[in-house]
Structures are given as C-alpha cells and as structure tokens.
Amino acid sequence: MNILHFSWLALAPALLLFACGREELPLEEPAIKFNLTVADLDPASRSVKTGWESGDVLYLWFAPVTQAQPDLTLTFDGKDWKAGSLRKGCELSAKGTFQVLYSGPDGLMATGSSSRSAFLFQNPKESVTQDGKGSGDVYDSSLQAFCQNVGYQFADDVLTAAIDGWKLLTDFQITLTDIPKGEYALLCTTKGNYVTVQEGFLLDSSSLSASGQDASHYAHGESTHGEAVFYYARTNGTDASSVISLTLIPKKSGAYLYSNALTYSPGEKKLKPAGTLQAVTVPYSKFIKTPEAVDMGLSVKWSTFNLGAAFEGEYGYHYCYGELEPKEEHYWDNYRFSAGQYNEMTKYCPKDQEKFWAGSGEPDGKTVLDLEDDVANVKLGGKWRIPTENEWRELIANCEWAYGQKNGLNGFTVTSKKTGKSIFLPLAGHSFSSTQSGFGSAGYYQSSTLYTEMPSNNWVMYCNSSVPTMTYDYIYRCYGFSVRPVFGD
C-alpha cells in the first residue's frame, strides 16, 4: 500500500504547499559517511508490525527545515539501512537535530498544508458518489510513525546518530477478511461526546461541517485473497470515548457507488487513547446493507428490509432484546441482561417489579431500549432504531396488509393508506434454545418496548397468514426475533 494521509501537527511549520515524488529530488553523491543506528518501532505497533522489512524507507529532515522534500532517505535491504544521497544544498552543523518519518514500504512522498495543520498525502485515485450529491476522494494508506528532534553529531565527514523514540502517527488499523474479489473504498467515521471541525479520522485535508455530522475519510483497497488492511490517524478532536463506524463501498461498473455501501459498527468498542495502536478485524459477513427509509405517512419511516438482509428477498438475522449480534444458542444463562434465570434481569425492569430484578440497587425503571442497546441504531447509526410497540400498532392500523409471496418468500406486503407506498415483511421465523423455526410460516418482529407486567418479556409484532397483532406471551427477551428498523426521532 502507499502512504497514509494524516495530520502531522508536529511538523506543520516545516511543510510547504507543493508535492513531489522521490524521483524528482535533486540529488548529489554525498562526500560524507553515515554512522546511523535505527531502533525498532514503538512496542505499541508490534501487533501489526513485528520488525523492519526489506523495502522500508525512512525520510529525514534536518533542522532547520525549510523545504518539503526530505534531506535524506534510508532504505532497509532486509539486513542493513542504506543511506541515499544528501539533498543538494543541505548543510550540516557540528551537531543538531532532525525529524524522521516512516511511511510504509515504497511509500511515495507528497505534502500539502492547510491553515491548521499539514498533511502528507497522495493525490486521490478516484471518487465515491454519495447518492448523487457529491463525491469523496479515495486514498491509499499504510502504517506511519515518526521520531522528532533526533540528535546528531557531524565530525570528520561522518554523521553519527541513533534514531529511536518512535511515535505512531497511525493509531488505528482495520483488517477486512473474507471479502469477495474486487475493489472497494472504506469510509471510517467516529462519534464522540463533542463535535469539532476536524473530529474523526482524516485521510484528506477536508472535513465535514461542525453542525453535528461526523468527519470522514476514504481509503482505497483491492482484494485478491479476501483480505485488505487499512490504517488511520485521528485528529486532536477525537477523544477515546468515540465509537467507530465503518462503511465498505464496492466498485461497480467502473465507479464507487455509495448506494451499494455496506456498514459495520463494532458496537461497544471505542477508541484507545491517542498514540496507542488499536487493531480491529472485521469479516465481510459483519457488514450490513443500509436500507432505504420509506415514507408511509406515519410518525417514522420504515426500512425496506430486515436488519442483516441486503434486500427484500432475504430474511436477515434474529436478535435478542438489547443484544447487538445474532447468536446460535438462546438461553437465559447467555442472555446479556440476565443473571441466569427468567426472573433475574440486570437491565430494563420497572420500579414496581423487584421480583424480576437481579441488578445492583433498585430496578432501573427502563422500559424502552437505550440507543446503545438498540442493534438497529448501533449497526446503522443516525436516526435508525428498532420500532416501539406504539409504532408497530400505528403501522398495523394505518396500512393494508396483503398476504402473499415476494422474491420467493412468504410474507405481507404492507401498503400505507396515506401515501400508497409499501414495504414487505417476510415470515422470517424466530430462534429459541438452539433451534431456528417458523421460516415461511410465522413472523416475529422485535419492538424496543418492554412488557412491564412481566419484564422478562417484551412486545413483539407477530404475524402468520392471518392479520398481524402485537403479543408478549412466551416472548422471552432471550429469544431471537427479526428486526425491521425505522428512521425517525
């Protein structure tokens, strides 16, 4: 991969607004010798890079830095570091300091600056269409680290220095596995406790507005063996409480189309403190297609398909109430908010139902899922969430429900009496114990609303070939049901 596009504030005053490749540098054979030792990268990077590799290049700028081109390059041949030619016009003192950048094997250098910070970047390869409303640049990326103020001595035509004290410019690595062969762009966003102009991860010199949207960037990758690796650097505006969200955009018919994007959020995984490399591995199967929001003329808009599906012709996944991933076995002893029994809830319990409470102190009084426990919001972000009991009742009362088939699946075409628009709800079954059943014959759809008379249960929309209804009987929270997201406040 080529270099990562990042904000390097430490070197901001040194970089000028122009770009050049290494082949453009004016070179001359050095009349001096180099006695340089290079320490391994900071231990925080060892999880992704265990040591120097053949082809690694270090770029050196000697103080005072008055140009964007590096003064010297060092290349690792698998055994030793070999010094290139000293930049013409570079003058060395008897002693001084210099800055060092590592930018991945065979990284190409280019620089640019903005009013706030400076960036080393590569010009974008292509652009990503965002629903026809604009485009985002696509960049390559790789691991980066730097050493600042490395001391040197220059005597008898010998330059002596020890390059150590590495600090990571990159602090986040994403490895995608099992992805189909093809080309992709990866969009990374974060959501923190506050918003700044440059909040989030950046690969380019632009960011989204400070009006509450997430900053974002793209990285380009080509998968031939089912795996791709991307590296990202955060800006100062991103704190360790930020939650990460990823969007994978495949290339179709010669263009990256955001309408084909798949999304993934690691859920409760948050950023580590700045300067600590964090690695996340995401199988392709974890990415979820973002649905369209259909205006049925109701209080919320309804998704075109179930969570975990990619279109109306798929069932999607089954999720337990308040859990963020599908699973194979559904018991009270592995349910997220139970101490092991149906009457031992550790979250979501009315104040007057102490007999169902096994958490600390008094029952929490929560009767609707928090967004952090709402799988639709965690996976899709924004205003997507699981519908409440009342929103399901609103859909039932204000729509025509016609039983039939679509895309080979049994289910209901639900048509709004107000707008005439429709969605299709397949009979996607449910999961209990270690069994999945009811596919094609019954549909069970989660609501975010607890059944307050028995908080081991929650309200679920049930349908078969007859009229749909809301139910709570035998709807244990530890069982897995379909999720049809809604979009709204």
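Below is a table of values for the structure above.
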| item | result |
| --- | --- |
| Inter-centroid distance (Cα atoms) of segment 406-459 relative to segment 69-96, Å | 66 Å |
| Segment 275-342, accessible surface, carbon-and-sulfur percent (1.4 angstrom probe) | 47 percent |
| Entries of 167/383; 327/366; 286/351; 167/347; 49/88 with Cα pairs more than 30 Å apart | 167/383; 286/351; 167/347; 49/88 |
| Alpha carbon convex hull of segment 245-398, projected area averaged over orientations, nm² | 13.3 nm² |
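The values are calculated or read from the model by the stated rules, or taken from the named source; none is laboratory data. Every value quoted in this text rests on a predicted model; they were computed, and no experiment measured them. We work out accessible area using only protein heavy atoms, side chains counted, and drop any ligands, DNA or RNA first. Shrake-Rupley method; radii C 1.70, N 1.55, O 1.52, S 1.80 Å.
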